[in-house]
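We did not get these values from a lab; they are worked out from the coordinates using the rules stated. Since we're looking at a predicted model, the values are computed, not measured. Glycine also receives a Cβ, built like all others from the backbone with ideal geometry; neighbour counts cover every protein chain displayed.
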Amino acid sequence: MTNDGNRLTARYGDQMQLYARSAGSGLPVVLLHAFPLSSAMWLAQREGLASVCRVVTPDLRGFGGSRLGEEEPSIDAMADDVAQLLDQEGIERAVIGGQSMGGYVTMALCRRHPDRLLGVILADTKATADSDAARANRERIAKAVLDDGTAILVEESLPTLIGATTKERRGMVQGRVRGLVQAAPPAAVAWAQRAMAARSDSFGTLRSLQVPALVIVGSEDELSPPSDAEAMAQAIPEAKLAVIDKAGHLSAVEQPEAFNRVVSDFVTSLR
């Protein structure tokens, strides 16, 4: 099956297996999507990076074409899903990267499957655990979505996902993000909110990282501001920090050319 010129894989058996879009060849780069989107957010990366690497973009469990499964909400479970995807794709080691929630999953992979990493990309994410207030808010949203659908995400979450410049000047991007948010399955949204609420602090994981890392942040990101990115970059032994100008929390969608440029440079440096 094909879509947007990219190969799609969907293998379902007794274990949780992810649906993924991929493009290109060469060094594998696995990109994990933000909450509450899907691998559809990486269209510009599959198109723009395919000439320099093999881009693999899975739908995390419950989103897009991936089943939710029966496990309790857990970022660690999502990380194990990605490790299993690497096995299915015949990938021994890869550059693993994620934006927002995808960054949380990437950090869990660093902790649970460090032998699978060639490099790490952390975009618009943070290494700290949620505060009590943040956990309570996630549970409130999880319950609201299960009761009434994704309207609360459009009302409360969408405005924080994109930066001021996108709101003012990029109507098509804003509309695309709105559509992706509205398409999120309520059960997956609630599961992911509870998984993120339960995640642990990852600064210890970052300090022990043995591979190069690229930390990316949008200059207008209000959810995971540049100060969070700077703290992560300082904790990682070998890290580069890249700030994407005039982008918010979804820098890969808002400023794809700039995002692709820093990722391409990073991947090329690993060869």
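Here are a few things to note about the model shown:
- Annotation note: Cβ proximity below 6 Å between a residue of the stretch 190-211 that is closer than 13 Å to VAL105 by Cα and a residue that is polar (S, T, N, Q) (sequence gap 6+ or interchain) occurs for ALA195/SER74; ASP201/THR128.
- Search result, residues across the stretch 23-43 that are assigned to a loop (DSSP other than H, G, I, E, B) and either free of Cβ contacts under 8 Å to residues at least 60 places away in the same chain or farther than 12 Å from VAL177 by Cα (or both): GLY24, SER25, GLY26, LEU27, HIS33
- Residue check, ALA79 crowded, with 22+ Cβ neighbours inside 10 Å, free of Cβ contacts under 8 Å to residues at least 40 places away in the same chain, touching a His at 6+ places or on another chain (Cβ under 9 Å) and small (Gly, Ala, Ser): yes
- Number of the exception - LEU49 against (1) of a type in the set (A, V, I, L, M, F, W, C); (2) under 29 Å from THR160 (Cβ atoms); (3) in contact with a Pro (Cβ under 6 Å, 6 or more places away or on another chain): (3)
- Considering residues of the stretch 120-152 that are small (Gly, Ala, Ser), in contact with a helix residue (DSSP H, G or I) (Cβ under 7 Å, 6 or more places away or on another chain) and farther than 20 Å from ASP221 by Cβ only, the residue surrounded by the most Cβ atoms within 10 Å (Cβ to Cβ): ALA142
- One residue from LYS246, LYS167 being of a type in the set (Lys, Arg) and in contact with an Asp or Glu (Cβ under 9 Å, 6 or more places away or on another chain): LYS246
- Enumerated helices (runs of 4 or more DSSP H) restricted to the stretch 152-271, each holding at least 2 residues that are among the polar types (S, T, N, Q): 164-169, 171-182, 226-235, 256-269
- Annotation note: of SER100, SER66, the sole residue that is on the phi > 0 side of the Ramachandran plot, surrounded by 23 or more Cβ atoms within 10 Å (Cβ to Cβ), in contact with a strand residue (DSSP E or B) (Cβ under 8 Å, 6 or more places away or on another chain) and in contact (Cβ under 8 Å) with a residue 40 or more places away in the chain is SER100.
- Of residues in the stretch 162-184 being closer than 21 Å to ALA134 by Cβ and touching a Pro at 6+ places or on another chain (Cβ under 9 Å), the one surrounded by the most Cβ atoms within 10 Å (Cβ to Cβ): ALA184
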